[in-house]
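The values are calculated or read from the model by the stated rules, or taken from the named source; none is laboratory data. Please read all numbers here as calculations on a predicted model, not as lab measurements. Virtual Cβ from ideal backbone geometry, glycine too; neighbours counted across all protein chains shown. SASA here: full protein model, heavy atoms, side chains in, ligands and nucleic acids out. Shrake-Rupley method; radii C 1.70, N 1.55, O 1.52, S 1.80 Å.
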Amino acid sequence: MGVDMLKFDCCNPGPNFVTGFEQMGMHLNKTGRPILYDCALAICMGPKVDYNLVKKYCNMWRNYEDVEDNWKYVFNIIEFYGKNDKNFLEIAGPGGWNDADQLIVGDFSLSAGQQQTQIGLWAIMASPLFMSVDLRNIDPTAKQLLLNKEVLAIHQDSLGIAGRRIWNIDDYAVKLESWLRPLSPKGRYAVGIFNKNVGGLLQTVNRTMSQLGLTDENGYTMKEIFTGISYGPYKLSDSLVIKIPPTNLFLAVATPVTEKELIVF
């Protein structure tokens, strides 16, 4: 049997860790076998990382602490990627991806909505989708989520552009953020609206298409991925009005309205 993937960890940070990643990649290339090369940067990063250099040597890279089967860990990863302080989302693309760590979908601690939130935002961020669940005993609902073709289509989009957080509200009562990922064909987008509150009532969202980062003057129709509900058509000044439960994600694909569809406005 051959090796399909190597995760190269960094347990002892120091000035030569980049050299170590480079040398391991060189030896993997010498095998003549296609091997996915994952570099675990989280401990080694320090205050600055040359992600262009990292992408030169690695196919994917871990930027943050290990995930655990606990919502707090998943949320902290989302926040780290949302802040994008080191501008690593801009580097992602074919041949090099940010690895947000494993999916907890189907394990023990996350609610059904939280599992949707994780896989939905991992798809928007173009993070590799590694399952941690025991597939011999997977819950049917979790299995269906992992096999959701529309989520996977967002994740596998041919443009290969990682989405990012475009606005963030972090008040006492309202904790909302919105994500946007360009999709093919050009003009389509994945839109994610995440209710970060861990308790309380449904959170009302009232945002125009422009406020969601959409720009086509003809407007958009939207389809929510988890429910299959269609919305619109909307002009750029029209508002999407929805309610999202705590720790849940509204995930939709926004498609520009064609000239033919304009007559319904």
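About its Cα centre, the dipole of the range 38-127 is roughly 340 debye, where the only charges are +1 on Lys and Arg Cβ and -1 on Asp and Glu Cβ. Counting 0.36 nm for each residue step from Asp170 to Ser132 and taking away their Cα separation leaves a gain of 10.6 nm.
Across all directions, the shadow cast by the convex hull of the chain built on its C-alpha atoms averages 16.2 square nanometres.
Determine the share of the chain's accessible area contributed by carbon and sulfur atoms, expressed in whole percent, with a 1.4 angstrom probe. Accessible surface attributable to carbon and sulfur in the chain totals 53 percent. Stokes-Einstein diffusion for the range 146-248, with the hydrodynamic radius set to the Kirkwood value over Cα pairs and evaluated at 37 °C in a medium of 0.692 mPa s, equals 225 µm²/s. Against the chain, whose longest principal axis comes from its Cα atoms, helix 112-124 is set at around 70 degrees.
For the range 81-165, the average shadow cast by the Cα convex hull is 5.8 nm², which is a quarter of the hull's surface. The tail of the calculated P(r) for the range 57-211 beyond 22 Å holds 42 percent of all Cα-Cα pairs. Under 5 Å between amide hydrogens, built in the peptide plane, is the criterion, and for Leu240 it picks out Arg207, Thr208, Met209 among residues at least 5 positions away or on other chains.
Taking the Cα centre of the chain as reference, the dipole from Cβ charges on Lys and Arg (+1) and Asp and Glu (-1) amounts to some 380 debye. Here the average projected area of the convex hull drawn through the C-alpha atoms of the range 51-104 stands at 3.7 nm². Given the range 85-126 reduced to its alpha-carbon atoms as identical point scatterers, what log10 I(q)/I(0) does the Debye formula return at q = 0.25, 0.26, 0.32 Å⁻¹? Each listed q corresponds, in turn, to -0.86, -0.90, -1.12.
First select every other residue whose beta carbon is under 12 angstrom from the beta carbon of Gly187; then total the charges, Lys and Arg +1, Asp and Glu -1. Charge balance near Gly187 sits at 0.
The spacing between the range 185-228 and the range 99-126, judged by their C-alpha centroids, is 19 Å.
Note on the chain: GNM, Cα springs under 10 Å; of Thr19, Thr227, Thr31, the largest mean-square fluctuation is that of Thr31.
Over the range 186-232, accessible surface divided per residue gives 48 Å², non-protein components excluded, 1.4 Å probe.
Quick check: the angle from helix 17-30's long axis to the longest principal axis of the chain, C-alpha only, nearest 10 degrees? Rounded to the nearest ten degrees, it is 80.
Using +1 at the Cβ of each Lys and Arg and -1 at the Cβ of each Asp and Glu in the range 40-153, identify which of Leu135, Gly106, Gly82 lies farthest towards the dipole's positive end. It is Gly82, whose Cα lies furthest towards the positive end. Bridging of Lys175 to lysines at a Cα separation below 25 Å is possible for Lys72, Lys83, Lys86, Lys196, Lys223, Lys243, once same-chain residues fewer than 8 apart are set aside.
Rounded to the nearest 10 degrees, the inclination of helix 71-83 to the longest alpha-carbon principal axis of the chain is 80 degrees. Near Trp167: Cβ cut-off under 10 Å, other residues only, Lys/Arg at +1 and Asp/Glu at -1. The net charge is +1. As a test of the formula, what do you get for the chain when each DSSP H run with n ≥ 4 contributes -39,500 (n - 2.57) and the sum is divided by the residue count, at 222 nm and rounded to the nearest 500 deg cm²/dmol? The helix contribution divided over the chain gives -7000 deg cm²/dmol.
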